[in-house]
1. Confirm whether B:Asp313 is in contact with a Lys or Arg (Cβ under 7 Å, 6 or more places away or on another chain) and within 14 Å of chain A (Cβ to nearest Cβ).
2. Restricting attention to segment A:3-11, does a residue exist that is of a type outside the set (S, T, N, Q), under 24 Å from A:Phe317 (Cβ atoms) and buried (at least 20 other Cβ atoms within 10 Å of the Cβ)?
3. Sort out which residues of segment B:187-213 are at pLDDT 90 or above, within 19 Å of the chain's Cα centre (by Cα) and away from ligand 2 (no atom under 16 Å from the Cβ), and write them in order of number.
4. Which condition number does B:Leu57 fail, the rest of (1) within 12 Å of ligand 1 (Cβ to nearest atom); (2) over 23 Å from B:Thr231 (Cβ atoms) being met?
5. Scan segment B:148-155 and give yes if some residue there is more than 16 Å from ligand 1 (Cβ to nearest atom), more than 22 Å from the chain's Cα centre (by Cα) and in contact (Cβ under 8 Å) with a residue 40 or more places away in the chain, otherwise no.
6. Considering each of B:Gln419, B:Gln408 in turn, give the residue that is within 14 Å of chain A (Cβ to nearest Cβ), farther than 17 Å from B:Lys294 by Cβ, within 14 Å of ligand 1 (Cβ to nearest atom) and open to solvent by 20 Å² or more (accessible area, probe 1.4 Å).
7. Which condition does A:Gly143 not pass, out of (1) open to solvent by 50 Å² or more (accessible area, probe 1.4 Å); (2) over 23 Å from A:Lys244 (Cα atoms), if it passes all the others?
8. Go through segment B:314-328 and report how many residues are touching a residue at least 60 places away in the same chain (Cβ under 8 Å) and within 11 Å of B:Gln272 (Cα to Cα).
Amino acid sequence: MNKKQWMRVAIPIISIIISLLIASIIIIWIGEGSFTDRIDFLVEAYTQLIKGAFGNKTAVMNTIIKMTPLILTGLAVGFGFRAGVFNIGAEGQMAMGALTATIFAVNAASLPSFIAIPLTMIVGMLAGAVWAGIAGFLKATTGAHEVISTIMLNWIAYNITNWAVTGPFNAGGGIPKSPEIASSAKLPNLLTSQASFMSFGILIAITAAVVMYIILYKTSMGYEVKAVGFNPFAAEYGGINVSKNIIVTMAISGALAGLAGTLEATGLYYRFYGTLSSGKGFDGISIALIGQNNPFGILAASLLIGALRTGSNQMQFAGVPKHIVMIIQSIIIFLVAAERMVMTIMGWNKKKGAK
Amino acid sequence: MPFHIPQEEEYKDYAVVMKGIVKQFPKVLANDNVDLYIKRGEIHAIVGENGAGKSTLMNQLYGLYNADAGKILINGKEIAIDNPKDAIAVGIGMVHQHFMLVGPLSVAENIVLGDEPTKKFNLFDLKRARREVKKISEEYGLKVDVDAKIEDISVGTQQRVEILKTLFRGADILILDEPTAVLTPQETEELFVVLRNLQNDGKTIIFITHKLNEVIAVSNNVTVMRGGKVTGQIPTKETSTRELANMMVGREVLLRVEKEKKEAGEKVLEVQDLKVNDNRDLPAVKGVSFDIRKGEILGIAGVAGNGQSELEDALTGLRKKIAGTVTFNGVDISTATPRDIREAGMSHIAADRYKYAMVKEFTVAYNIALGRHYKQPFADGGFLNHRKINAISKELVKKFDVRPPEIQLSAENLSGGNQQKMVVAREFDYNPLCMVVSQPTRGLDIGAIEFIHSTILDLRQEDVAILLISMELEEILSLSDRILVMYEGQIMGEVTPDEVTMEELGLMMAGSTLEEARSEADE
Ligand SMILES: Nc1ncnc2c1ncn2[C@@H]1O[C@H](COP(=O)(O)OP(=O)(O)O)[C@@H](O)[C@H]1O
Ligand SMILES: [Mg+2]
């Protein structure tokens, strides 16, 4: 590993450590009694956090359920970053993917599972790809910036999905939700524990990360994506079709977000809810950032954030507000984004000849 | 009298003494125990091939890098220069290879930037800035229009602005890192006049270059570097370009290439009435026609900005052609994409290396794969063949002497000359039918220029058709079989190298026809 690669790993890790230290100070500060009491309180808080995330089978399952969509939206945003496009629209692509997949899955009762399940995923991915592809197409042909167009597409998606589940595609009962999908389209469970279940969606998400790794590092396509991201002029000079690559990258990015939504619908809720995406698309931006746009980094970041979120419920029982986890997450993201700060804190910023 | 190595008691007469400087980069020892002695009031040239360590040495003097070992004495006093502020405080100013100016701001604003005169309430005082800039500009005879925007003035003038900027901050010791690399011959002459004026005003000048005739023309003493070490220190009067070249390269070099006589073959590239617009959508190439035959080098001479770069981009598919046809090997490529054109057998050394010819974040190996990354032997069924990419890159890096020969290094860590060698290696390896070669030796040193020139001639020997676009008249004259002179988007005329002189060519580049140039040159 050269120094640059090493830094890419070191910066998120150090950011995590620093943010945990800051959170510790806050926990000690809000604790009561003597200093040793407060330390006990701190230890208790973190113990509960870890227990809540990994303490028993249900906890582990909940962590995995939380991290699955984060992996996919993280990959979606991370892949876009590699080609120099900033896909802020994973939220909308996730919703559109989930809605379209659900519509298909609701009507898939006549198909056997081994056809219905993959077909539903393909439909969801296609819907996400088309939704993101619109922004890619606009960027490639008119130069419209994808940040603007994907934000606008998010709003359109938000309104379309809301209209669908409150109107024509409503299951009744006054809740904005769709009818349940056909049982042949439901993802089988990988683990169950008491009343909880966990579908094999995590395996699909991990596979997606491996596929993205292979695309980025082993294929000519990944080579082109990275060349376009680093220097579109040189890419063009090297015979790479920059417009095509931007559209394709956006479509792949949207397909991943669409898959995230599909797995939520077919593996967890068995239907489409108006709140299904609820910010997980935006979480993808944070995950991609912490994972440094590397597929395996994104897996690790999703595990971290998934675990923190699951564990935070349990931590509340120890008397620590759940929001501490939001603070931890925000500080990590802040430090990773402002990597120079970490370098300064660590004294790596000394001009050792680096430009 | 040989070069005088001063004793410690003489250091007070020396503007700069650097002793035992060592600078280790992760993969290269860029400065290996370097001593440098610059007498106060002299113009001291530092020459060396690309990657010799010249910029690294100067960056330490200016406080951009910290030395691993060694000491720096300014006017006899040892001081620690930790950052450019320290350097400026002791009167050192540096003009970098790449200018650091702000395009939309005026000349005066750029010069005072960072040290702006202010009036009440700490507001920027433009009037005073203009006045002060005018004053120093007159004082040193560096003429500039203080109100012109940087983006509207020529490169030569921008350089003048950089020099003024250092003077404005009170520099007595000026470091100029390859100042002539971006200048036309006329601008270089003007720069030399400026340098001599500054010397007469008592300034000390450190002038980095690898053009040896410039060293002879302007310097008092020369320090030669090779591979991070000093390989020669000599008063300019006592040396010659030949001797300097040998010290620089470490072997005998040919300063001029020998071209064999050769009959050109059949037409490969035919351009008819080509019209191309520039970035502002104004006509840049206004209807040019020419053809190139197998085994022929067609030179295009011209002052920068007369349509050559638009012509280059249009031929290689990077820029839209407004009108006209381009036929390549019997196929119409007027609307072909860059990939189609490469597939048809045309390769391209782009003038703008940083923008077009490389992805600086990619490794050397990946840069060598650029343009062929999707096909055999670099890829197989959509998958990159890293084993082949690495093997081919290793071979090319060795053959083209790219230093350091580390194919997994990011290209941005190579010096400019080595980046260019990498680009040239890739484009030569295409086995093209035709090659568009633009400013191939800009910023390169003698050894590399010699190498690239002889490789271009080898290609000609192998019957490749070559379009050579260059601002270096000597390069055009020594390599081309025929020369077209471009002026304001049109071709002023066609000449052969043995029927024109450099002077006549220079006049044609300024808009004269051959006849006019002849009669003017006679006067
Ligand atoms: N920031 C850097 N990091 C690593 N290597 C460098 C850096 N800057 C220069 N080098 C290496 O140090 C050597 C000397 O470079 P430089 O001083 O730029 O040479 P010159 O100015 O004589 O062309 C080269 O081999 C170059 O690749
Ligand atoms: Mg240099």
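1. It is true that B:Asp313 is in contact with a Lys or Arg (Cβ under 7 Å, 6 or more places away or on another chain) and within 14 Å of chain A (Cβ to nearest Cβ).
2. no
3. B:Phe192
4. In the conditions (1) within 12 Å of ligand 1 (Cβ to nearest atom); (2) over 23 Å from B:Thr231 (Cβ atoms), B:Leu57 misses (2) alone.
5. Our first condition is that a residue be more than 16 Å from ligand 1 (Cβ to nearest atom); within segment B:148-155, this holds for B:148-155.
Next cut, more than 22 Å from the chain's Cα centre (by Cα) only: B:148-149.
Checking which are in contact (Cβ under 8 Å) with a residue 40 or more places away in the chain leaves us with B:148-149.
Yes, some residue in segment B:148-155 is more than 16 Å from ligand 1 (Cβ to nearest atom), more than 22 Å from the chain's Cα centre (by Cα) and in contact (Cβ under 8 Å) with a residue 40 or more places away in the chain.
6. Only one candidate passes the filter, namely B:Gln408.
7. (2)
8. 0
The values are calculated or read from the model by the stated rules, or taken from the named source; none is laboratory data. Since the model is a prediction, treat every value here as computed from it, not as a measurement. Please note: Cβ atoms are built from the backbone with ideal geometry, for glycine as well, and neighbour counts cover all protein chains shown. Ligands, DNA and RNA are excluded from the accessible area calculation, which covers all protein heavy atoms including side chains. Shrake-Rupley method; radii C 1.70, N 1.55, O 1.52, S 1.80 Å.
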